[in-house]
Structure formats: C-alpha cells, structure tokens
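K.L.:
Sending over a structure as structure tokens; questions will come in a sec.
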Amino acid sequence: MAALAWFLFPFVTPAQQPSPPGGLTGGTLRGVVTAVSGEGHVFSAEGVEIKLTGTGEGAPTFRATTGDEGAYKIENVPLGDYTLTTSAPGFKPASLKVSIQAGQATIVNLRLEIAEVHQEVEVHATAPVVTAESAAPPAKLTAKQVLTAPVAEQMTQQELPLVPSVVRTPEGRTYIKGTSETQGMFEVDSGEAVDPVTGAFIIDVPIDAVDSLEVNKAPFLAQDGGFSGGLTTVHTKAPLGQWRFKLNNVNPKLRAETGRIVGLSQVEPRLYATGPLWPGKLNFSEAFTYELNKVNARGLAWPNNTSKIQGFNSYTSFQSILSDRHILTGTVQLFPRRQNFANINALIPQPASEDYGQKGFSTSASDHFNLASGVAFTTMFRFLKVDNNAHSQGPLSMLVTPNGFGGNYFNDWTRSGDQVEAGEAVTLPQKHWRGRHNLKFGVDANYRSYNGTDVSRPVQILRADNSLGEQIDFTGGAPLRVRETEVAGYAQDHWIWSDRIALNMGLRATSQSVGQPLAPAPRLGLVFSPDKEGMTIIRAGAGLFFDRFPLLAADFLDNPTRTVSLFDAGGNMLGSPTPLPNRCARRTRGGIVMLSSCMDFTTTAYSTTWRVEIERQLTKQLRARVGYLSSPTFNNFVVNPTTVATPAVGPGTLPILLLTDSGASRYHELEATAVYIPGERARISVTYLRSQSQGDLNSLSELFVPFAQPIIRPNVFANLPSDVPNRLTALGTFGLPWQVSLNPAMDIHSGFPYSNVDVLQNYVGAPDSFRFPTYFSFDFSVYRDFSVPFHKGHKFRFGVFSVNTTGRRNPHEVFSNTSSPHFGNFTGLDKRIDGIIISFSE
C-alpha cells in the first residue's frame, strides 16, 4: 500500500540547504517534477508551470516553468509560508505547503498523476515580485536553450553570441558590451574560470552540466568584482538523488570535399551521469565531452584549409548533505585541448600559422552552513592550474605581404599559470526597518602567478614585387615571472522599501599588490513599479567596476626588444636600424611619468557604468523592454611605438615601445526587446541594439592575446573591432504537432570595421573606418523525443540542425592592403552547415 500511495499522490522530500553564493538575500525553492503515465511509466515533466503563493496579506506570488529533466528553481523568495501548486494538461494539479527560510534552499520534488484537467497560463508579474528582483537582471539562457540552440559546435561559450550584447568577430574574439572578454569575467558557480595570465575565456564547461548561462552587462551587486566589462556566469546542475544517464551527439559528422567523402569533420560525443553514491548523503554527477573537430578555413584550398582541434572536458561534481542546514559541494574539472594551425584563414596559410596547446585542471569546494538564527555562511575555495603554449610551424622568418602572411609565424610562447581563490560570505536574516533589508557581507582573496617564456624571430614586410621594405628583428628578452595578490571586501543591502520600490546598495573595496592599492567601488540600483499590478517595471543603476591587473603588463619589460630596419626598392638599408626598447609609464595629471619597473603601476582599468530601462507587460502573452546603457572605461593598458626625451644624455629623443595606463574606451547602447509567449510550448524574443564602441586600438589584449601581432602601429582612438552600430537578433522555441520542437535563431548586424593599410602596413585613411558587408545568419534545430520500446524511462532524440540556412556568404577576411592586386575584395566566405541530432537519455 505504501508503494501504491507513493505512485498515486504527489510527494515531497524536503531538505534545506543554503542558497548558492550570488543573487540577492532570500530563500530558494527548487526541485524536480515528474509524472506517471497510464501505463505506470515515470518521465520528467518539462514545461510545467510552478506557482508559489504566499499565505499572508500582500504576500508575493512567484512563477517558474520546469526545464530540462523537469527541474525548476525560484530564487530570492522572502522568508515565510507558501502554497506550492503545479498542473499540466492531462494531469491532476498538485498542491502543498512549504516554508521558506532566508539564506536557505528548500528542495520540493513533485509527482503528477493522470487526469483531464486544464489550467490557463498567466504570465504577468505582480508588484511584490518586482521588489524581489535585481536592478539589472542578466540575459539568461536556460538549460534547455543551451542544449537545443542551433550552433555548429555545442560548446557553452560558442553559444554566447546568442545573447544580443555579445559579438564574436571574424577572428574569433568575443566582446561583451563592446569590451574584450579579457576585461570581463567568466564564472562557474561564483568561481573564476578564466586564464590567470590573460583573463581570456579558455576554460569552457560541458553543456550537459549547465543549468543556466547568464550574461550581465551591468551587475550592480557589490559581491561581483574583478572585471570592467561584462560578467558571464554559468550555474551548474546540482547532482540528483536518483540515477540519470544521457549520451548525446553520438553521431560523427562526415566531411565532403570536391564532391566526395574525405573523412570525419567532427566527433563530439557527450556523456552525463548523475546519482547517489551514498543515498541521502552524497550525490555525484559527471559531464564529459570529447572533441575532435576539423574546422575549415574559408578561402583556402583543401587539404590545406583545416585546423584540427582535439581534447576533452570533464566536469565532476559532488554534493554531501551533512545535515539539514549544512551542505558541502566539491568539483573537479580537467580541460586539455590542442589546436593545429589555430589562426589560419584565407590570408594566413598553414605554414604561417600558430599551433596552440593547453592543459589544466581546477578543483573547488564550497561549504554552506546555516545557524538556527537564520544567519547563513558560505565558504568557497578554488585552485586553478593552466599550462598553455603557442608555437610556429618552423624556424623561417615571417613574411608580411600585401596578400597575407607567409613563411612561419614569428612568435613562440609558454605560460604556466596558477590561481588560488578563496571567499567567505555572510547572509543575515531579513531585517525590518522602514521596510525590509536583506544584508550580505563578504571577503574575497585571489592569488595569481605565472612563469613563461617568449621567443620571436624576424618579420619581413614585403612589397607587391616581393622586395624587402622593412624588417623587424628581436633581441634579448628574459624569463617571464609575475606574482599578484588581490583582496576585496564588500557589503550590500537589498532594501525593499515597499511592495513597489526596492533599492540595491553596496560598496566593494579592492586592494591589489600590483595595480590599485585601494579601489572603492560603490554600486546603486533601483527597481520601481508605478502600478499595483506590476505591469510596468522601471530599473536603474550605476556603479564603478575595477578590473584585475593584467599580468602581461607586469613583465612587459622582459619581452624581446624590437629593432626596425627600412629598405629601399633596391634592397639597400635606409639609415641605421632603430631599436625600440620596452618601457613603461604611468599617466598623471602632469603628464607621463616613466617607471623603472612595470610592477610599479598603481592603477588598473575601471569602468563607470550606468543603465536605465523600462519594461511593460503589454498583454498576457507580450512583454516589451527599452533601455539605455553607458559604460566608458579608463586606465586601459595600451602599447605605442613613440619617442621620449633624453635630457640625461643631451638633446634629442629616444624611440621606444611604450606601455602606459592612458588608454580608454566608451560604449553606448540603446536596446529594445520584445518577448512573446503565446502558450506553454512557444516563446520568441526579438532584440534590436543601437550601439557605439570606440577606444584605443593598441590595447594590450588586442596586441598579445591570444597570439602576438607582428606589426604594432601607432596607437589611435577609433572604432573598436567589436563596433556594430545596428543589430537585430531573434531566438525562439516552438512546440509543433506530433511533439516536435523547433528552435530558430536569427542574427543580422552591421559589418565589422576594418582598416586599409599601405605597402609598409601603415594606416591609410582613418583606422577602422571601413566595414565588412552586413552580416546575416538564420539557424535552426528541430527534433523529437521518442520512447525506447521495451525500456521504460529511456528516451531517444532525433533531429537536424542547420547553421546559416540561407547560405549567406558572410566574409571573414578582406584584402585591405592598397598595393594588393586584390585590394578591396572580400574572402573567406561562409557556407551552410547542416547536421543530425542523436542522443539517448534515461
């Protein structure tokens, strides 16, 4: 009888744990919804509405929809008693009482039984919910969207450009709100997951481990720091207390060239497993992705047009329930990867390209503990190790010609970086004084170090007739070694003044051993609803954001010295070779002050960001939002070939290659978004962005990440490579008849900027004043899940995907040298990519 009752009625298995770090103070409700068919088959109930209603007068109401595996989560719920209800067509509704505690998470699993009951879906907000949210909510991709997005490579970071504020240039660089990823931050469950040396997003997460992917252009909470650009956050799935298995992408993709099959182009199987190692005490999950990918460089002829990527990514998570109020979580990640001919394109053939390799691992532990009083403590520790390198295809000099590169790439480097990160956060129970206060305090410590080498060979700049016009030689250089420690403390308050207005207030203060000795960063945000129903929401915020100090700046003096020699058309040297010794200088109010060591910088890049937006629920199905964002950045590190006076040795000037903190950039954005949800199985969002992104072109990351640039021109303030004044994107999901799911995506934007150059690679005209043609791509995936005969609980997914379905020939490169016979022609044209989706799950 007990077993029969367990199958026929909704059940709840409550356990309490602290909410994860991040977000606003409050409780979290999460769980899994399953349903039982008439034949007794238990399956995940995806797309089911969850409604949480407070029991007191004026208490808030929250809504959520179950996603992948039937999981749901409602965050930032004020403490109190609630009624949880859920329903789905064809099943009886379930209802039960739950109690939410501040700073804790309550797990409630629901099971639905067969019935013919239908319920109208409402999508409007209510004012009490408005005051519980952030002043700057991030753009978010759910687990289901991440898994079903129409992309050529199912990698978490490959899906970032689905977010309107993220662009990826033809060179493969990622920019968020106009700034390079190296100025942003990529976090996994509140732990930093970027290259300790450069800040580049080189550490991905298997998509099967992703619960949500968020991009925040303006995170106004004081707990967030270490970046001047945008914040990208991955929340991973918690290990489940029941065993589940998934095998995805099992079908290899074939490669066809010249009308015949020539081998495999892509093999990327993925495995996900989760379940209890010690029931009720220790749960486990493993997400594993193997990658073998042969990427075609458009514009090069087969078989010399392939860049081969090989590696794997393993993300293992453990969660131990020590008590009702004490949860311990640990993770281990391995991410080795290598890429042959990593930077080839239509103008860089294989012999002139670089190989890239990396190996690394991270391990982390977080401890969540709640006192009986409601005070919550979160302790986090993370260790990250990354060894990476780049090397050329041989010892030949590099040739820079009007038609592209030749010879072998000029630069080899190795870096071995470590990062130790630790943090402690304290969340207090909700306080009542002129409203409700959710207070949080914390301290973070971060130690980074690296050792490396840098070796460069001659670069020859050739004229159109192959005569030598200029040669750059490299001498000297020393082993690279930097150590840097950063400590930050913060305090923040989410002040709910009333059911219609709330404030986010906070202060973050950072101290860097190399860089800014003290960097106070105040943050302020506002959420306001002018109507009682919460149909209109106004959000505004402003804040100061300090970046991490770039370790490549700290050892700039130890890079090899460039020496430039000029030649006439007959091959005769013009004058004497000109050395450009590396130097560092700090900008002051009185001008530039030279430094004896680049470790003596006392500044780091920072941005002053403000944002305002208004959101309106136009109908039950349609929501619209309009917003404006401004984010100028200062104290960027830039490199400039220039001259300095030498009074100590007499009149005259000395040519140098100067690193200063005088760089700046500015980004402005006007956004208009509409979200239409006609039913439970359909959703589409459309966003138009009008933006401007300008700044100094010779930033340290542009010149040295991921590969050093052979030519360093004088620095200019101009359009940045990420500048796309107009962009229109759409992302949707539709449930079609016969349980078929369609997921379309569209992206159309202004062409990226580029510069014309002369025979010696000097700018011709205003830099970055010319543009590629307008970019357009329409992509989609369509699939259906099938039950596997004779295996209850097993599912088989079959579908297809298409990237650039219309076959739009978007160019990746341009012949921009005025002495090239192909000057002005675009090359490296995109083509359509199709594939099959096959996966299995239990």
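K.L.:
Exceeding 24 Å between C-alpha atoms, which entries from my cross-link table qualify? They are Lys140/Lys237; Lys51/Lys144; Lys308/Lys831; Lys73/Lys281; Lys217/Lys431; Lys51/Lys795. The partial results should precede the final answer.
P.N.:
Details: Lys140/Lys237 15 Å; Lys51/Lys144 20 Å; Lys308/Lys831 19 Å; Lys73/Lys281 22 Å; Lys217/Lys431 30 Å; Lys51/Lys795 28 Å.
Cα-Cα > 24 Å for Lys217/Lys431; Lys51/Lys795; rest within.
K.L.:
Now for a separate question. Report, in debye and to the nearest 20, how large the dipole of region 762-817 comes out about its Cα centre when Lys and Arg carry +1 and Asp and Glu carry -1 on their Cβ. Provide the component values of the computation, followed by the final result.
P.N.:
Numbers: 7 positive and 4 negative charges, 82 e Å.
Charge dipole, region 762-817, about its Cα centre: 400 debye, nearest 20.
K.L.:
Please compute the net charge surrounding Leu384, taking Lys and Arg as +1 and Asp and Glu as -1 over other residues with Cβ under 10 Å from its Cβ.
P.N.:
Net charge in that neighbourhood comes out at -1.
K.L.:
Sequence neighbours fewer than 8 away in the same chain don't count; with that in mind, list the aspartates and glutamates whose C-alpha is under 13 Å from Lys359.
P.N.:
Once the sequence-local aspartates and glutamates are set aside, what remains near Lys359 is Asp195, Asp204, Asp387, Asp418.
K.L.:
Which value in nm describes the separation of the simple spin-label points at Trp497 and Ser750, placed 7 Å from the Cα toward the beta carbon?
P.N.:
The modelled label-to-label distance comes out at 3.7 nm.
K.L.:
Let's test the formula: R0 of 45 Å, r as the Cβ-Cβ distance of Trp302 and Leu760. What FRET efficiency results, to the nearest 0.05?
P.N.:
On the way: r = 33 Å, r/R0 = 0.74.
Once rounded, the FRET efficiency stands at 0.85.
K.L.:
A follow-up question, please. Say each of Ala464 and Leu507 gets a label point 7 Å from the Cα, pointing the same way as Cα to Cβ; how far apart are those two points in nm?
P.N.:
6.4
K.L.:
Oh, and also: What length, rounded to one decimal in nm, is gained on full extension from Asp600 through to Lys831, with 0.36 nm per residue of separation minus their alpha-carbon distance? All intermediate terms of the calculation are to be shown ahead of the outcome.
P.N.:
Details: separation 231, 0.36 × 231 = 83.16 nm, distance 4.97 nm.
Taking 0.36 nm per residue and subtracting the Cα distance, the gain is 78.2 nm.
K.L.:
So what's the net charge close to Gln739: Lys and Arg +1, Asp and Glu -1, counting the other residues with Cβ under 14 Å from its Cβ?
P.N.:
Working: positive: Arg681, Arg784, Lys795, Arg797; negative: Glu46, Glu680, Asp785.
Result for the local shell: +1.
K.L.:
Tally Lys/Arg at +1 and Asp/Glu at -1 over every other residue whose Cβ is under 13 Å from the Cβ of Gly515; what's the total?
P.N.:
Numbers: positive: Arg448, Arg483, Arg548, Arg586; negative: Glu484, Glu486, Asp547, Asp600, Asp661.
Every neighbour counted, the sum reads -1.
K.L.:
Another question about this same structure. Could you check how much of the accessible area of the chain is carbon and sulfur, as a whole percent, using a 1.4 Å probe? Each step should come with its number before you reach the end.
P.N.:
Values: 20520 of 33810 Å².
Answer for the chain: carbon and sulfur cover 61 percent of the accessible area.
K.L.:
Something else about it: In nm, to one decimal, how far is the His391 label point from the Phe776 one, both placed 7 Å along Cα→Cβ?
P.N.:
4.6
K.L.:
Please give the length that would be gained between Ser373 and Phe786 if that part of the chain were fully extended, namely 0.36 nm times their separation in residues minus their C-alpha to C-alpha distance (nm, one decimal). Intermediate values should be presented prior to the final figure.
P.N.:
Values: separation 413, 0.36 × 413 = 148.68 nm, distance 4.91 nm.
My answer for the length gained is 143.8 nm.
K.L.:
Of Ala624, Thr475, Thr818, which is farthest along the charge dipole of the chain in the positive direction, counting Lys and Arg as +1 and Asp and Glu as -1 at C-beta?
P.N.:
Going by the charge dipole, the pick is Ala624.
K.L.:
Exposed loop sites here are chymotrypsin sites (Phe, Trp or Tyr not before Pro) in DSSP loop states with at most 15 other C-beta atoms within 10 Å. What is the longest stretch of the chain lacking them? Can you show the working numbers first?
P.N.:
Values: sites that count: Phe11, Trp243, Trp433, Phe790, Phe823.
Between exposed loop sites, the widest span is 434-789.
K.L.:
Kindly sort Met746, Met398 by accessible area of their heavy atoms, largest first, with the probe set to 1.4 Å.
P.N.:
On the way: Met746 45, Met398 0 Å².
Listed by decreasing accessible area, they come as Met746, Met398.
K.L.:
Any idea of the accessible area per residue across the chain, 1.4 Å probe, to the nearest Å²? Walk me through the numbers before you get to the answer.
P.N.:
Working: 33810 Å² over 842 residues.
Per residue, the chain has 40 Å² of solvent-accessible surface.
K.L.:
I need the calculated FRET efficiency for the pair Leu654 and Thr169, taking r as the beta carbon distance and R₀ as 41 Å, to the nearest 0.05. Could you put the intermediate results ahead of the total?
P.N.:
Details: r = 35 Å, r/R0 = 0.86.
Once the sixth-power term is evaluated, E becomes 0.70.
K.L.:
Distance between the C-alpha centers of region 131-199 and region 570-602? Whole Å please.
P.N.:
36
K.L.:
To the nearest 0.05, how large is the calculated FRET efficiency for Phe312 and His432 if R₀ is 41 Å and r is the Cβ-Cβ distance? Display every interim value, and only then the final one.
P.N.:
Details: r = 52 Å, r/R0 = 1.26.
Here the calculated transfer efficiency is 0.20.
K.L.:
Next question. Stretched out fully, how many nm does the piece from Ser99 to Val626 gain, at 0.36 nm a residue minus the Cα gap? Each step should come with its number before you reach the end.
P.N.:
Details: separation 527, 0.36 × 527 = 189.72 nm, distance 3.63 nm.
Roughly 186.1 nm would be gained on extension.
K.L.:
Could you tell me whether region 192-261 comes out rounded, prolate or oblate from its Cα gyration tensor? Rule is a ≥ b ≥ c as square roots of the eigenvalues, rounded for a/c under 1.5, then prolate if a/b exceeds b/c, otherwise oblate. Write down the numbers at each step before the final one.
P.N.:
Numbers: a/c = 3.03, a/b = 1.48, b/c = 2.06.
Taking the square roots of the gyration eigenvalues as a ≥ b ≥ c, region 192-261 is oblate.
K.L.:
Treating the beta-carbon of each Lys and Arg as +1 and of each Asp and Glu as -1, no other charges, what is the dipole magnitude of the chain about its Cα centre, to the nearest 20 debye? Write out the running numbers ahead of the final one.
P.N.:
Values: 71 positive and 73 negative charges, 160 e Å.
Roughly 780 debye for the chain.
The values are calculated or read from the model by the stated rules, or taken from the named source; none is laboratory data. This one's a predicted model, so the numbers in the text were calculated from it and none came from an experiment. So basically every Cβ, Gly included, is an ideal-geometry build from the backbone, and we count neighbours across all protein chains shown. Just so you know, the surface numbers come from the protein's heavy atoms only, side chains and all, with ligands and any DNA or RNA stripped out. Shrake-Rupley method; radii C 1.70, N 1.55, O 1.52, S 1.80 Å.
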